[in-house]
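Step one of this worksheet: look at the structure below.
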Amino acid sequence: MTINPQEESPAIDRACENTAAIETPVVRLTGWNKGALTVSAIQAVRRHSSLGLSSAKQLVEACLDGERPVVLTRSLETAKAMASELASFGFQAEVCDAVEERLGPAEG
């Protein structure tokens, strides 16, 4: 596995208690409920991320297949809005930062 130094930097800053560190929020789709609105979920992913139609569709279908796909967002507010909107369409989603997703949760 290759770690990009730019991607690892926020984890290092966080470990050193650098409060100015910028972390990229992500939304992880964790499941779905019977009757979930797939097309609406795809539209929500597109609206709140830079993904195109094909990528958003693959992401939602991966969730339907039991995977836990992750999508990068522009800001924490955008990530929260996406997770909330996905929940209203019958999908379970959680917001975390990209560093936690790659390296595991910070200690402490």
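The values are calculated or read from the model by the stated rules, or taken from the named source; none is laboratory data. On a predicted model such as this, the values are computed, not experimentally measured, just so you know. As a convention, Cβ positions derive from the backbone with ideal geometry for all residues, glycine included, and neighbour counts pool all protein chains shown.
Listed here are the residues, each with its yes/no results for (1) part of a loop (DSSP other than H, G, I, E, B); (2) of a type in the set (Asp, Glu); (3) modelled with pLDDT of 95 or more; (4) surrounded by 15 or more Cβ atoms within 10 Å (Cβ to Cβ).
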{"position": "Glu23", "(1), (2), (3), (4)": "yes, yes, no, yes"}
{"position": "Val26", "(1), (2), (3), (4)": "no, no, no, yes"}
{"position": "Ala36", "(1), (2), (3), (4)": "yes, no, yes, yes"}
{"position": "Ser40", "(1), (2), (3), (4)": "no, no, yes, yes"}
{"position": "Arg46", "(1), (2), (3), (4)": "no, no, yes, yes"}
{"position": "Ala56", "(1), (2), (3), (4)": "no, no, yes, yes"}
{"position": "Glu61", "(1), (2), (3), (4)": "no, yes, yes, no"}
{"position": "Glu67", "(1), (2), (3), (4)": "yes, yes, yes, no"}
{"position": "Arg74", "(1), (2), (3), (4)": "yes, no, no, no"}
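For the stretch 86-108, filtered to residues that are aliphatic (A, V, I, L, M), in a helix (DSSP H, G or I) and more than 13 Å from the chain's Cα centre (by Cα), the residue that is modelled with the highest pLDDT is Ala87. The combined condition, being out of contact with any His (no Cβ under 7 Å at 6 or more places or on another chain), surrounded by 14 or more Cβ atoms within 10 Å (Cβ to Cβ) and either modelled with pLDDT of 95 or more or among the β-branched types (Val, Ile, Thr) (or both), is fulfilled by Ala83.
If I ask for residues that are more than 17 Å from Arg68 (Cβ to Cβ) and of a type outside the set (Lys, Arg), which ones from the stretch 22-37 would you list? It would help to see each step written out before you state the result.
Here is the first cut: in the stretch 22-37, the residues more than 17 Å from Arg68 (Cβ to Cβ) are 22-24, 34-35, 37.
Ile22, Glu23, Thr24, Gly35, Leu37 - these are the residues of the stretch 22-37 that are more than 17 Å from Arg68 (Cβ to Cβ) and of a type outside the set (Lys, Arg).
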